[in-house]
Structure formats: structure tokens, C-alpha cells
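Everything on this sheet refers to the single structure shown next.
Bear in mind that the values in this text are calculations on the coordinates, not laboratory data. All figures in this text were calculated on a predicted structure; none of them were measured in a lab. Neighbour counts are summed over all protein chains in view; Cβ atoms, including those assigned to glycine, are modelled from backbone coordinates with ideal geometry.
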Amino acid sequence: MSLPPGFLDELRNRTSLTQVVGRKVLWDQRKSNQGKGDMWAPCPFHHEKTASFHVDDRKGYYYCFGCHEKGDALSFVQKTENVGFMEAVEILAGEAGMEMPARDPKAQEKQDRRALLGDAMEQAVQYFRLQLNTGAGGAAKAYLTKRGLDARAIERWELGFAPEGWQNLWDHLRGKNVAEDLILGAGLARPSTKGGKPYDTFRNRIMFPIRDARGRCVAFGARAMDPNDNAKYLNSPETELFDKGRNLYNHGPAREASGKGQSLIVAEGYMDVIALAEAGFNASVAPLGTAVTENQLQLLWRMADEPIIALDGDTAGLRAAMRVIDLALPLLEAGKSLRFAIMPEGKDPDDLLRAEGPAAVQAVLDQAIPMVRLLWQRETEGKLFDSPERKAALDKALRDKIKLIRDPSIRRHYGDDIKEMRWQLFRGNRSGPSQGGFQPGGRKAPWKPGRPAPAAPLPQTRSSLLASGGEQGTEAMREAVILAAVIATPQVIVEFEHKLEEMNCADADRSALRNVVLQVGIDAPEALTDIIIERIGPQALENLHALRHVAISPCLRNPGDIELARLTLNEEFAKLEARRGLDIEIAEAEQDLSDLADEALTWRLREAAEARNRAVRSQSEDRAEYEVADNGVRLNREERDVFGALLDRIGKPDK
């Protein structure tokens, strides 16, 4: 959703930073001067006893002299609540009494209906909570007490009870003038197949309200009290409010706790999450009756870089772990992964907490293993590799899994780790490095005296973006042009969002620019440049626009020209993908390295060498493409026609 010009300025004018920050800190009354809006407190972003966190309410900025965190009310809400930019805008706008910009009539109508459905859900929450405290809910309350939940915990988690009977909730909500279509639309009742009155979805069950990241009840989880019930746990059906693959139990509180530094834990069920949170592990979530989905993985990675999957120590728990690995492998990117904490055999986190306490759970979490080790364990545990055929089968199984990883760098590191573990398994008793100039694990043997040392690059060469890193230099150029294009014409970001997410961006400035573009560029395109400057400062943009190959880009001369931006981006992404394909080809050839070369390996190495030669020729063209001379730009033959067409479209640049 786009914000109209001036909306953010008005929001900041109406917002008191002192009030916003005051919800999270205790002001130091000796140092603070409320009349001047000059406030001091211990910093909420790092642990300290002294008041080094300063708020200037008149200017609307905060700064910590200890950890150097700084920003305004919007950034404070984002960091302390662990929410996105638009969510922070909505939170502050609601507090300031400002309406968010109106959407189109159909969207507004849909939003109004969602609000009515939400009201019906909240009334159901209150009804179930009341029923838990009646005689009908006695057995359910006794069960919760037996599971270690006291009255305070039951209140905190808003647990309730759906009594036996076909129309208890239906009659209650109809008596509150809730429309029939809303009760059915919220998944609280189902239509009768026999032409009678609709009947309650949940009967004789303990009720767990499921709230979204904003704290709105969107569904229920329900545990059967009857041991003979066909479904021990039952979730709300999918509705306009609820998509079980896009929600997490305890999402909002866990996001806030994770933002404060707690480890994000993914458990299997509601009771595990409640038990963990009650024991102090507040950043705990669970999927909703299904295996972890791709959308839930993305939600987890927005909260933490390495969530810990805490699984039951049984066969079913290990199978669940393997399903998560297969799902996650293609989605891995630099800094985003998973770790796995396997509970003792036959126990889940709730069992371990009740038996041995929080310290035992923390010990298991501290020993969480990375994905690559669990992948190796799956393929090797309990198996005997006493023949070449069995070893080859292991190699093939592992190679097939590694190929699922899209990121070439991560795929290479997985290959290195697996080669190391493979060497330890098959040749751990050998001394010295293997033949072929490689040490165990696929690492090249270190440089030794007597070998010619590589020449150091000249200073002017080292500072050249094209020369630095060779192929990576050209890739950096393309990334810079892409970022400049989307910042100049942010309307195209939504079309290229997926490709932007896949860009490597090894440079810190480009990575920071890409992240801000993805976070706010779609929702607030008009404010994108201002937000970039606010978050990471003006230097990153200035450095980007100062690059020669960016400065000559037609997109910068014609900001807002969507067709021109689309043409440029398609061209640059196509070249990036071509180079990525080359990297994959070479990486796959390298994975086949072993102690003894065979005919297949020789063929793969020859193919890799040919691919490298093609890359060198292409690299020469890439260098020529961006070379700037006194008389203008020299392009390779393939590029000249395309660039000429662009110049005809926009007019030739001034010399």
C-alpha cells in the first residue's frame, strides 16, 4: 500500500517519542528534563545500569551513547516490537488517531468484513473462557492443572472449553446478534447436510485461541476430552482470516521476545509452546497442525536468522526434522539457516521441563546441531559402507540433496563440510592430505615456501570495482545498476521482488540497500529514498550513484519510466543468472573430486575448463561494456544495438 505525500511527516508530528519509548523504559528522573523533552534512561537495546539512552522529544530522535542505536519513533517500534515498516506505521497511526490511507472500495469492503469476523472470534474467545469455569468445564480444567498450568497461565493463554452439544456457541452468538454468515465464515459453525440448523465446529474440547502477529484471534486449536474422539487435535478450517500455512501459534509474543535477543524455538504443539514460554523461553512458536510450510519458514526467518527446531526424541520427531530439511534446503541463503535440538528419546519439551526443569531444556538447545550434520546423520546412521557401491550410493544421495540448494556459495560450503565428514568416515585413520593438491574436506593445500607467491595487486587495480574479485566485480556492477534502477523507479519492485531477494549482494552497502528496498519499496515507494537515507544514511546512495556504470544508466536519467526500468532489469538479471549457471556448473564438477580420477571425473573437469574459458571470453566483453573513455562509452558488439535503442528512446546524454 502506498502512503500519500506528507503522511509520514504528519504521523511524526503527532507522535510523542517520549510516550512511545516510555512504554519500554524507566526514565532517569535526575538526568531527564521533561519540560524540554530531554529524556534519559537505561538503553532497551542492551543491558546496562547507567542511563546512556537519550531521547530528544522535540527533534523526534533517540540515540544510545553505549551501543549507538539511533532512530525515530517508527524505527523504535520496528526494533522493539520486531515488526515491519508498514506494521509500525499502522501501530503509530492508530495511537495518533490517524486513519491509514483508504484503499479501493472492494478492498475496504473486504477489510470491513474481516473486522466483523474478528469481532465474532473475540466473542467466541470470551464464551469459551467462561465455559472453562463452569461445572461443564471441570474435567478440562483438571486436565490443564495436571499438565502444570495454574490459573495465571490459563488466563495468560486465554484457554477455554467448548461444552458438549450441537448449538451452544451458535445460540450464544446469535443471541448477541452476530450474523449467521459471520459465524459460518469464521469457521465457528458448519452448515448441516440434513437441512437443519448449523452446528458448532468444536464440542467437548479444550480451546486454544490462535492469534496472528498483530494479536487478533484468527482461529482456534482444540484438544478433545474424549479419548475415543477420531481427532485428538482439531484446528479451525481455513477462512478469510485464517491460513494455517501462513500463521504460527504465539507469533506476536515470540516475535517481540526474539527481537530482544531470545533464541527462537519451534516446537511441535500448543502445550509445548505454553510450557516453554511459562519456563522463560518466550520466543517459542509452533506450526498449526501441519508440517512446517515454506511460508512459515519465511515468517521464522523474519524473526531470527537461525531458528531452533525443537523436536520430540522419537522416530516421528526425526521424520519431522527430515521433512523440514528437505523443505529448507532450496530456500537457504547467506545467514539464514536452521538448527535442530532433538529432545531425549521419548520426550517432548513439555515432558523434559516437568521432569528436569528449564536448565535441562537449555542444555539441549545449547547443543542444537546445524542442518548439514542432521542431513549427514540421516544418510549414514546405522548403515555400513564396506563396498564401493555403497559408498557411491551415499555420494549420490548427498549430492542430490546438495543440488537442491540454490545459493552457489552455500552449496559449496555444504559440499566442503560433507567432504570433511566423508573423509573422517572413510579415511579418518590416514595421515597426511589426500592426493591432488587438496586437503581433507576439499580445501586446497596451503602455499608453501618455494612455490611462486601470487603477485600483489597494484593500489589502483585493487580499488577498481571491475578488477576487484574478477567475476565478482562484474556481478557487483550489475547489482549496482539493478539497485539504482529500482530506487529510481520503485513501481517495478513488486515485479522483480523474487529476483531481488536472490541477489548475492556481498558488499555491505548494496546488501543494506537491497534489504530496505524489499522491506518498504512495495508498500511505500514514494518514501523509499527518504527511508533509505533515514535508515542507513545518505552515503550508501551517494556511493551508488557515483559509480560510472550507474551514472550512465538511462534509468537514472529517466526516473519513473517503468518500461525503461523493466527493460534494464530484465537485461541485467538475465546476465546475472547466466553467470550463476556457470558457477553451478563448476561447483558440481568440483563436488566430484575424490582421491582417484576416473573417466567421468575427467569428462566433468574438461567441461568445467571449457565453461571457464567461455567465462573468460564473456568477462572480456563485460569489461568492455563498462569501460569509459574520453570520447564516451565503448560497448561490445552484442550490447551496442540494445544500448543504441535505449538512447534513441530517451535522447542521447549530454557530453
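Starting from the alpha-carbon convex hull of region 116-242, give the projected area averaged over all orientations, in nm².
Values: hull surface 32.4 nm².
Mean orientational projected area (region 116-242, Cα hull): 8.1 nm².
Packing-wise, with mean Cβ within 10 Å as the measure, how do 349-361, 133-145 rank, highest first?
Details: 349-361: 17.3, 133-145: 15.0.
Ranked by mean Cβ neighbours within 10 Å, highest first: 349-361, 133-145.
Could you pull out the trypsin sites (Lys or Arg not before Pro) across region 142-183 that fall in loop regions by DSSP (anything but H, G, I, E, B) with no more than 16 other Cβ atoms inside 10 Å? Can you show the working numbers first?
On the way: sites: 146, 147, 152, 156, 174, 176; in loops: 147, 176.
Counting only loop positions with at most 16 other Cβ atoms within 10 Å, the trypsin sites (Lys or Arg not before Pro) in region 142-183 are 147, 176.
Sort region 297-373 into rounded, prolate or oblate with this rule: let a ≥ b ≥ c be the square roots of the eigenvalues of the Cα gyration tensor; rounded if a/c is under 1.5, and if a/c is not under 1.5, prolate when a/b is larger than b/c, oblate otherwise. Here region 297-373 falls in the prolate category. Using a simple spin-label model with pseudo-atoms 7 Å out from Cα toward Cβ, residue 356 and residue 323 lie 2.7 nm apart.
Sorted by mean Cβ packing within 10 Å, highest first, what order do the peptides 183-193, 222-232 take?
Numbers: 183-193: 18.8, 222-232: 13.1.
My ranking of the peptides, most packed first, is 183-193, 222-232.
Taking a point 7 Å from the Cα of residue 142 along the Cα-to-Cβ direction, the residues of region 218-238 with backbone N closer than 20 Å to it are 223-229. If you plug the beta carbon distance of residue 150 and residue 390 into 1/(1 + (r/R0)^6) with R0 = 60 Å, you get a FRET efficiency near 0.65.
Using 0.36 nm times the number of residues separating residue 171 and residue 109, minus their current alpha carbon distance, what extension gain do you get?
Details: separation 62, 0.36 × 62 = 22.32 nm, distance 2.70 nm.
My answer for the length gained is 19.6 nm.
Of the trypsin sites (Lys or Arg not before Pro) in region 63-132, the ones in a loop by DSSP (not H, G, I, E or B) with at most 13 other beta carbons within 10 Å are 103. Extension gain, residue 63 to residue 87: 0.36 nm times the residue separation minus the Cα-Cα distance gives 6.4 nm.
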